[in-house]
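Structure first, commentary second.
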Amino acid sequence: MPIEVLEPETIEEIEQERVPAAGDLPPIYGRCPVCNKPLFPRCRITGAPKCPPVGTGYESRARCSGCGTIIYYAGNGIWKVLSDDDITEDDRMADKLGMGGP
């Protein structure tokens, strides 16, 4: 009679997503340059935490929920205040058509 060898059960560990503490913020989050409020950027479509693209106009921008300032992502967790020099002709045309603005 053959001997049956039993293999140990495989236990899968599921890593749960944790909310970062204030001192544990990843560099993609950063802070508002005006009011210093911690920022939690998310994908506009899925809502998942996501670093915004750098230098893509509207997609790089956000409005601070603390002070209301329009800011843009410069990379490495650095956000800057949007100035008139940062607005392109495409942005101005989108504003005229009612499509621009965060």
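Take the Cβ-Cβ distance between ASP95 and SER65 as r, set R0 to 22 Å, and report the resulting FRET efficiency rounded to the nearest 0.05. My answer for the efficiency is 0.50. For segment 41-102, the dipole from Cβ point charges (+1 on Lys and Arg, -1 on Asp and Glu) about the Cα centre works out to 400 debye, to the nearest 20. Find which of SER60, GLY47, SER83 sits farthest along the positive direction of the dipole of segment 24-96, computed with +1 on the beta-carbon of Lys and Arg, -1 on that of Asp and Glu, about the Cα centre. Of the candidates, GLY47 comes out farthest on the positive side. Our estimate of slack between CYS51 and ASP84, defined as 0.36 nm per intervening residue step minus the Cα-Cα distance, is 9.5 nm.
In sequence order, segment 35-50 has phi-based couplings of 9, 6, 6, x, 10, 10, x, 9, 5, 5, 8, 9, x, 6, x, 7 Hz under the Karplus curve 6.51 cos²θ - 1.76 cosθ + 1.60, θ = phi - 60°, and Gly or Pro positions carry x.
A short reminder: the numbers here are calculations on the coordinates, not readings from a lab. As the structure is a prediction and not an experimental result, all values here were calculated from the model. Methodologically, a virtual Cβ is constructed for each residue, glycine included, from the backbone with ideal geometry; neighbour enumeration extends over all protein chains shown.
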